[in-house]
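A.B. asks: Right, I'll just put the structure down here and ask away after.
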């Protein structure tokens, strides 16, 4: 039986690139999405056309019920859960802190932090050898914003990613003896639709020339780091925040 991998927010961008890579490596991939069913459908068709195995689950990880529904659907496959990629995240509309709405703040905190922690909790319940699991690996998506701060853009988003880093280190120590490796990847400026969603559609083009490498990263380059952290090649890597930011 193929091992199972769950990718939250997996229908587009870094999540989709990671799902493709996991399927190519022989995982059965559970692609979680919130609203973009057509994108999820296209991704599944692409994975299946390449000989991979994937299915999609619509669930809002900002809600406890949504996280539970996602993992219940994964349980129905009967496959052992070996990998969780906590990829879902949003910035909210870009701007200064003094223009931040309560609604945006609540949504960003709930998805980026609460949802990530809830998903990790459910994964640990299933992976931990202390709970009868067979072990596994969790990769959380952080951001270079955790250390850069994102002033004038979304300092609240940066704050959630700083919390993700702390959570990653702590959880890694908590479950290392139970067969679970926990790490994070912190992308820098990457070509995804998160920029347009924040109200800054030209952000990549505007900032790329300022970067040490002179270009933004691609989703596949971040996915490669995630896939390495999930692999046996990273068997002694835990509690690490791996920055994929082109020296930014």
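Taken together, the values in this text are just the output of simple stated rules run on the coordinates, not laboratory data. This structure is a prediction, so every number in the text was calculated from the model and none was measured. Heads up, the Cβs are rebuilt from the backbone with ideal geometry, glycines too, and the neighbour counts pull from every protein chain shown.
Rundown of residues vs (1) surrounded by 15 or more Cβ atoms within 10 Å (Cβ to Cβ); (2) more than 23 Å from residue 116 (Cβ to Cβ); (3) touching a strand residue (DSSP E or B) at 6+ places or on another chain (Cβ under 8 Å), yes/no style:
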site: 28; (1), (2), (3): yes, no, yes
site: 32; (1), (2), (3): yes, no, yes
site: 39; (1), (2), (3): yes, no, yes
site: 44; (1), (2), (3): yes, yes, yes
site: 60; (1), (2), (3): yes, no, no
site: 65; (1), (2), (3): no, no, no
site: 68; (1), (2), (3): no, no, no
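A.B. asks: Could you check residue 128 against (1) closer than 20 Å to residue 32 by Cα; (2) in contact (Cβ under 8 Å) with a residue 40 or more places away in the chain; (3) surrounded by 15 or more Cβ atoms within 10 Å (Cβ to Cβ) and say which number it fails?
C.D. replies: Against the list (1) closer than 20 Å to residue 32 by Cα; (2) in contact (Cβ under 8 Å) with a residue 40 or more places away in the chain; (3) surrounded by 15 or more Cβ atoms within 10 Å (Cβ to Cβ), residue 128 comes up short only on (1).
A.B. asks: Hey, does region 96-113 have a residue that's out of contact with any helix residue (DSSP H, G or I) (no Cβ under 7 Å at 6 or more places or on another chain), under 20 Å from residue 231 (Cα atoms) and surrounded by 15 or more Cβ atoms within 10 Å (Cβ to Cβ)? Walk me through how you get there before you give the answer.
C.D. replies: Of all residues in region 96-113, those out of contact with any helix residue (DSSP H, G or I) (no Cβ under 7 Å at 6 or more places or on another chain) come to 96, 98-99, 101-104, 106-107, 110-111.
Filter again for under 20 Å from residue 231 (Cα atoms), leaving none.
No, the conditions are met nowhere in region 96-113.
The rows are residues; the columns are (1) in contact (Cβ under 8 Å) with a residue 40 or more places away in the chain; (2) more than 19 Å from the chain's Cα centre (by Cα); (3) assigned to a loop (DSSP other than H, G, I, E, B); (4) within 23 Å of residue 210 (Cα to Cα).
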site	(1), (2), (3), (4)
158	no, no, no, yes
171	yes, no, no, no
174	no, yes, no, no
184	yes, no, no, no
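A.B. asks: Being assigned to a helix (DSSP H, G or I) and free of Cβ contacts under 8 Å to residues at least 40 places away in the same chain is the filter here, so list the residues in region 132-150 that pass it.
C.D. replies: The first filter runs over region 132-150 and keeps only residues assigned to a helix (DSSP H, G or I), leaving 145-148.
Within region 132-150, 145, 147 meet the criteria.
A.B. asks: Let me ask another. Take region 211-248 and flag every residue that is assigned to a loop (DSSP other than H, G, I, E, B) and touching a helix residue (DSSP H, G or I) at 6+ places or on another chain (Cβ under 6 Å). So that I can check it myself, show each step before the final result.
C.D. replies: First, pick out the residues of region 211-248 that are assigned to a loop (DSSP other than H, G, I, E, B): 211-216, 231, 235-240, 245-248.
215, 216, 238, 239 - these are the residues of region 211-248 that are assigned to a loop (DSSP other than H, G, I, E, B) and touching a helix residue (DSSP H, G or I) at 6+ places or on another chain (Cβ under 6 Å).
A.B. asks: Among the residues in region 197-210, are any touching a residue at least 40 places away in the same chain (Cβ under 8 Å), touching a strand residue (DSSP E or B) at 6+ places or on another chain (Cβ under 6 Å) and either more than 23 Å from residue 127 (Cα to Cα) or part of a helix (DSSP H, G or I) (or both)?
C.D. replies: Checked against the condition, which is being touching a residue at least 40 places away in the same chain (Cβ under 8 Å), touching a strand residue (DSSP E or B) at 6+ places or on another chain (Cβ under 6 Å) and either more than 23 Å from residue 127 (Cα to Cα) or part of a helix (DSSP H, G or I) (or both), region 197-210 yields no hits at all.
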